[in-house]
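K.L.:
Before I ask anything, let me first share the structure, which is written out below as structure tokens.
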Amino acid sequence: PTKQYRSFTSGSWNSPLTWETLVGACWVPAIQAPSSSDETITIQNGHTVTIGTAVTADQIVVATGGAVSINSSGQLTLNNGIGNDMTVNAGGSVTNRGVIQLTGSTLTCTSGALTNFGTLQFSSGAVLDLINSTTNLNGNTAITGAGTINLNGGVANIQFFVQVPSGIIFNFTSGALQ
């Protein structure tokens, strides 16, 4: 059966010790790590969850003060399932040194922070919504595939030459490109 997960502590995504699940009205230690077939997966305030291998997930919420860190050997594939695929709330952050793959899915960053040193892979229908957020595209950033990037407020710091493939639609409503 599907479960709701939340981080219990900082640690590896794949370690059950990082997570707890909701059983009835009680949060209990997880016996396995969450996957794309589960319900909401929340990274709580003060916790950093690290991805060092291939992980497929859906309905991820990075709460205020929470963080997801994808190592150079890691890949986060956002499944296009029920609900919001990934939401980074105000004060939450995602740092990518590996690969974030949006498979027709949506990653929404609202007043949060997205820092990318790795690859952002888009497939048809994929959307990266940056709303009043701070986005840092650094050094080795690669953007591939086809999808949409929306910048609506906030700041996008582009610290190198970015080549955006022809399949990517970039919508700039407000904010600053630096």
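K.L.:
In vacuo Debye scattering of the stretch 28-178, one point per C-alpha: log10 I(q)/I(0) at q = 0.15, 0.16, 0.18 Å⁻¹?
P.N.:
Each listed q maps to, in turn, -0.70, -0.81, -1.05.
K.L.:
A further question follows. What is the stretch 1-67 by shape, rounded, prolate or oblate, if you read a ≥ b ≥ c off the alpha carbon gyration tensor as root eigenvalues and call it rounded for a/c under 1.5, prolate for a/b larger than b/c, and oblate otherwise?
P.N.:
Rounded.
K.L.:
Which value, in debye to the nearest 20, describes the size of the charge dipole of the chain about its Cα centre when Lys and Arg Cβ atoms bear +1, Asp and Glu Cβ atoms bear -1, and nothing else is charged?
P.N.:
In debye, rounded to 20, the chain gives about 220.
K.L.:
Given the whole protein assembly as supplied and a 1.4 Å probe, what does the accessible area of THR87 come to in Å², nearest 10?
P.N.:
20
The values are calculated or read from the model by the stated rules, or taken from the named source; none is laboratory data. None of the values given here were measured: they were computed from a predicted structure. When we count neighbours, we look across all protein chains shown, and the Cβ atoms used for this are built from the backbone with ideal geometry, even at glycine. In case anyone asks, the SASA skips ligands and DNA or RNA and just uses the protein heavy atoms, side chains included. Shrake-Rupley method; radii C 1.70, N 1.55, O 1.52, S 1.80 Å.
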